[in-house]
Amino acid sequence: MNAGMKINRQWIKTAFILSLIACSPPKNETVNKLTEMEKNNPVYSNTDTSKVDLSDKEWKNILPENVYNIARLKGTERPWSSKYEDFFETGTYYCAACGNPLFKSNAKFESSCGWPSFFEPISKESIIYTPDDSHGMHRTEVQCGRCKAHLGHVFDDGPKPTGLRYCINGVVLDFEKAKKAEKKSGL
Ligand SMILES: [Zn+2]
């Protein structure tokens, strides 16, 4: 009898503790709306215009290998390998390294050169131009205006109105369809 009461009391105590836990307010669960890219890359932003200056080692830690190889080591993707080469959806193209808005889809054209091609950037500040005399050629390298990621080159054989052809590695581009892109960047 005594033993039974003891167990009973123990059970009531446990039930009381459980009820306290059940009634405690739920943990404040903040909804994480960051994309995969933003979670792994602290400098990634479609709206922050402040310059990004990281060491190669820091970039290596936060960028996917294929993006790092082109953005930081100035590599070139194989022609006709980009999903954006033959791609004409309406939206905005961002730097895959830092999220900086680079090109609008209405500046993209079918160049048949094997890489995504644009005739003008979103703004003057979105791109940096640097002479590139490597590989026995005189070319103009284009880099992201915010993080200096290597994007590709610009040539003067593009269509009107600019006559320019920004020949860009698709690996260093992020694309967002019009509605979402406009909402995020206000462009
Ligand atoms: Zn960038």
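Rule-based calculations on the coordinates, nothing more; no lab input. Because the structure is predicted, anything quoted here is derived from the model rather than measured. Cβ sites come from the backbone with ideal geometry, for glycine too, and all protein chains shown count toward neighbours.
If the condition is being surrounded by 15 or more Cβ atoms within 10 Å (Cβ to Cβ) and on the phi > 0 side of the Ramachandran plot, then the range 65-90 contributes only Lys74. Looking across the range 43-91, the residues that are in contact with a strand residue (DSSP E or B) (Cβ under 9 Å, 6 or more places away or on another chain), within 14 Å of the ligand (Cβ to nearest atom) and not in a loop (DSSP other than H, G, I, E, B) come down to Ile70, Ala71. Within the range 142-164, residues that are assigned to a loop (DSSP other than H, G, I, E, B) sit with their Cβ atoms under 8 Å from residues that are among the hydroxyl-bearing types (Ser, Thr, Tyr) and within 13 Å of the ligand (Cβ to nearest atom), at 6+ positions apart or across chains, in these pairs: Gly145/Ser126; Arg146/Thr49; Arg146/Ser50; Arg146/Ser126.
For the range 63-73, the criterion of a residue being more than 23 Å from Asn40 (Cβ to Cβ) and touching a residue at least 60 places away in the same chain (Cβ under 8 Å) is satisfied by no position. Within the range 99-115, the residues that satisfy the criterion of being within 16 Å of the ligand (Cβ to nearest atom) and under 24 Å from Arg78 (Cβ atoms) are Leu102, Phe103.
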